[in-house]
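Worksheet for the structure shown next.
The values are calculated or read from the model by the stated rules, or taken from the named source; none is laboratory data. What you see is a predicted model, and the numbers here were worked out from it, not measured in a lab. All Cβ positions, glycine included, derive from the backbone under ideal geometry; neighbour counts span all protein chains shown. We work out accessible area using only protein heavy atoms, side chains counted, and drop any ligands, DNA or RNA first. Shrake-Rupley method; radii C 1.70, N 1.55, O 1.52, S 1.80 Å.
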Amino acid sequence: VFLSLQLFGTIVWILVASTRIPLPLLQGWVMFVAVTSWFLSIVFLSVFLFGYANRIAVNWNQADFIFHGATFVFYFGAFLLQAATTSLHHLPRKFNSTTQERILSGREYNISIAASVRVSCTCI
């Protein structure tokens, strides 16, 4: 499970970072969740790989349940925000009274769809 979190978290991280980040408040949370979850899953995996789990007196089943529950909640929120960003792609963004462009270009729209799908896969 940790390896899938790292794989999908890395893909989300790359996909969101490859766009212009037109809505920093929404996509900033997606990046925060992806990076934080990725880092914490590496720390959690390292604890088990290097044998520190035997030395630390913690209920690891409960810690694992809490970690994955919190990760699910955060990734689900990130999925909703990424999907909301993707759904706004057709709206024009005005820079001044004469210049308009879409919030997401065609390429960024496709990347945002892929990021939304990856975030939903990480949720599951």
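Assorted remarks:
Table: residues versus (1) at pLDDT 85 or above; (2) assigned to a helix (DSSP H, G or I); (3) of a type in the set (A, V, I, L, M, F, W, C).
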residue	(1), (2), (3)
65	yes, yes, yes
74	yes, yes, yes
85	no, yes, no
101	no, no, no
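- Residues of segment 16-63 that are in a loop (DSSP other than H, G, I, E, B) and either open to solvent by less than 90 Å² (accessible area, probe 1.4 Å) or of a type in the set (Val, Ile, Thr) (or both): 18, 19, 21, 22, 23, 51, 56, 58, 59.
- Any hit, segment 49-59, residues being within 23 Å of the chain's Cα centre (by Cα) and of a type in the set (Phe, Trp, Tyr): no
- Among residues of segment 27-45 that are closer than 17 Å to residue 4 by Cβ, those with a Cβ under 7 angstrom from a residue that is part of a helix (DSSP H, G or I) and open to solvent by 50 Å² or more (accessible area, probe 1.4 Å), sequence gap 6+ or separate chain, pair up as 33/74; 34/13; 35/13; 37/74; 38/13.
- Qualifying residues in segment 87-97 (those that are assigned to a loop (DSSP other than H, G, I, E, B) and at pLDDT below 65) - the one surrounded by the most Cβ atoms within 10 Å (Cβ to Cβ): 95
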